[in-house]
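Contents: one structure, followed by commentary.
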Amino acid sequence: MDGGGELTRLGWRAGWVLAGLIPAVFLTLFFAWPAATLVARGFHDGTAWTLDGFTSVFESRRTWRAVGFTLWSATAATAACLLLGLPGAYLLYRTTFPGRNLLRAVVTIPFVLPTVVVGVAFGSLLRADGLLGWLGLAGTPTAILAAMVFFNYAIVVRTVGTFWARLDPRLAQAAATLGAGPVRVLRTVTLPTLAPAILSAASLVFLFSASSYGIVMVLGQTKYNTIETEIWFLTTQLLDLPSAAALSITQLVIVTLALWLSGRAQTRMTRALRLQPDVAEARSLRLGRDWPPLLVTAGVVIVLLGLPLINLLWRSLHLRGRLTVDNFVRLATQDVFGTSVWAALRTSLTTAATATVLAVTLGMLVALVASRRPRRRSARSALSTLESLFLLPLGVSAVTVGFGYLITLNRPPLDLRSSIILIPIAQAVVALPLVVRTLLPTLRAIDPRQLEAAATLGSAPLQVFRRIELPHLRRGLGLAIGFALATSLGEFGATSFLARPDNPTLPVLIFRLFGRPGAENYGLALAASVVLAVLAGATMALAERMRPQEVATW
């Protein structure tokens, strides 16, 4: 009996090792190897180790302009998101009013939109004949900054808001009782307590702003470049791979630092939440007290979030100054660049579905392994390190991933340059961290006493896994699938490097249409952007309905 039990335990441990090994091999082949090769290419010219790649790229004023604009735009976007997002976090998570849940959903929509669609939406709004063309902001840094804030506003609202909803109200009440006014309570009590959530949100906003490849490609109009667009230029226009590799390393350092700060802040926020009571009861909205956050949030929702989306739809229904559905009709009938828009959409759906299957399958394995509760401290540290390793792709630009594939997966035994499977693999690498971050909280929410009680009553490890852990895992699958599918549908950074000219995805085709002169091409780009936005938005709206309570933030 004891021998059989020992064999069962050994087999169970072997199963967990295999479950962690499968995604580890995938990530090694399709992330670590390309990234390491990319780093090596920056220091090796094919014959000897050298710093010539770094020297040549950083002697260029164009490079320093790209680095400076990347840091400036990401910092400015982060500051603007915090300034506008904190009132929204208070309004949507500390007060109650009719339609609050609907407004939360509306605020979330921009974050799930493909960056190319965001760029097209703001481009159509700010161009000379656009609704806000009179402002003269087309092709300016302000347009790029506004699009970044549009895209990342929801991160601050949701990350800070869910933390704010859990704050013990007695701290602020005690300060008010002692004579502190509302502004002083906010400055000396509330904001310091919210610091972990604010830092976490700021790090994520900086991360996503620094890697807003599609937004800058569409709105920059070649006048403004970031590190990512410069990597694209060096690779595709100048074929200068060593310089592009050197610049990719620089971008990798910047983005990884932002991810590290976010992880540290997330850990502090999680610890703080464990010390808080259950979610505090939100107060009813009162105009006399809450008019400042109400005014700011209403302005953001109407002008910054709503106007670009409404204008995108409105402009897509116009051609040569008249109201018509011709743009959408031509989507089904007209070929563009040797292919039809519906063929590009079919390619996008096929690759996104394949990437989703890969990302969710691997993410489930990672989440199950990382959610183990070993008794030894060394084992817990090992699992924490393993989790961090699988989240690394979140800190690496998709442009870097795509570029890494070009210089590694181009020869035997893995010559995938002409294989269509390379795009869903790249999309799966990008989506995997989001899947892991979605599934892990649902598994960690299981009460350890429930697992111990089941084992004490004689349930075998497989029975405990099947009856307790799997039902919890299924609760988070809907949101994980939605995130993976929406991310893959709109992925543009890696795909722009890997997509074949005769078989582009829809985001790549939209970018080509937007950059081609002619009212017909522009109308097609607008209509295709609407289709892609509706697909991404509907996917996430459906996934949000299945979101478990444990997954409060991204």
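The values are calculated or read from the model by the stated rules, or taken from the named source; none is laboratory data. Owing to the predicted nature of the structure, the values given are computational and were not obtained by experimental measurement. Glycine gets a Cβ as well: all are built from the backbone with ideal geometry, and neighbour counts include every protein chain shown.
List of remarks:
- Residue satisfying condition, being farther than 20 Å from I155 by Cα, outside the structural domain of S200 (by TED's automatic domain parsing) and surrounded by 15 or more Cβ atoms within 10 Å (Cβ to Cβ), within set R41, R127: R41
- Criterion: part of a loop (DSSP other than H, G, I, E, B), modelled with pLDDT under 85 and in contact with a helix residue (DSSP H, G or I) (Cβ under 9 Å, 6 or more places away or on another chain) - qualifying residue of R512, R516: R516
- Only one of G299, G288 that is among the small types (G, A, S), without any contact (Cβ under 8 Å) to a residue 40 or more places away in the chain and farther than 18 Å from L102 by Cα: G288
- Residue check, G85 within 22 Å of the chain's Cα centre (by Cα) and assigned by TED's automatic domain parsing to the domain that holds T222: yes
- Scanning segment 76-131 for residues that are touching a residue at least 24 places away in the same chain (Cβ under 8 Å), among the aliphatic types (A, V, I, L, M) and not in a helix (DSSP H, G or I) yields a total of 2.
- Residue satisfying all of: in segment 211-246; buried (at least 24 other Cβ atoms within 10 Å of the Cβ) and assigned to a loop (DSSP other than H, G, I, E, B); modelled with the highest pLDDT among these: T226
- Check on G139, part of a loop (DSSP other than H, G, I, E, B) and either surrounded by fewer than 17 Cβ atoms within 10 Å (Cβ to Cβ) or of a type in the set (G, A, S) (or both): yes
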